[in-house]
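A.B. asks: Mind having a look at this structure? Questions to follow.
Just so it is clear, none of the values below were taken in a lab; they were calculated from the coordinates. Remember, it's a predicted structure, so these values are computed and weren't measured experimentally. Neighbour counts run over all protein chains shown; Cβ positions are idealised from the backbone, glycine included.
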Amino acid sequence: MKTFSKLENKIFGMCPTEGCIKKKSNGKWGIISNKTGKFWNANYDSEEEAHKGLEAYFVNKTFSSKDEMDLITIECNDTEGSLLKLLKCIQECGNAGHSFTIVVDPEEIENLDKRKFGWDGDGSDKIMNIESTKINSESKFKVGNMRMKMNW
């Protein structure tokens, strides 16, 4: 494990540079604390289970049962998958605890402040799930009719 200076510890924490999930000497998988540099008490049967445990820790840390969550639905033509890639990039960077500013069309100077959006990755902003499903106009029409029937 790399040794960090006190300043680096404040910035990067005590996780090894290659990641916080490692195989323990007992053959189980574990998570190394970013604060202490030591393994958590939990033992996981697989690396995937350890990743789920770490994710659950951060979800519980930033989202309590009293909080509200937004469900945002976007219907679009994303022929090259650019919007999906953008959202996944925001999820990956932000959910790791990184805060940043997202700027739409930064070359256009006029009204630039209206196209800047802050993402509080080390605070309350988190993307829990991203799903992408292809639908055709016929299935959309059926879903729309079902909604109408339910609303009557």
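A.B. asks: Taking neighbour counts of Cβ atoms within 10 Å as a proxy for exposure, in what order, fewest first, do 98, 51 appear?
C.D. replies: 98, 51
A.B. asks: Could you put 69, 128 in order, starting from the residue whose Cβ has the fewest other Cβ atoms within 10 Å?
C.D. replies: 69, 128
A.B. asks: Once the Cβ-Cβ distance between residue 116 and residue 34 is put in as r, and R0 is 30 Å, what FRET efficiency do you end up with, to the nearest 0.05?
C.D. replies: 0.55
A.B. asks: For an R0 of 35 angstrom, estimate the FRET efficiency from the Cβ-Cβ distance between residue 92 and residue 41 and round to the nearest 0.05.
C.D. replies: 0.80
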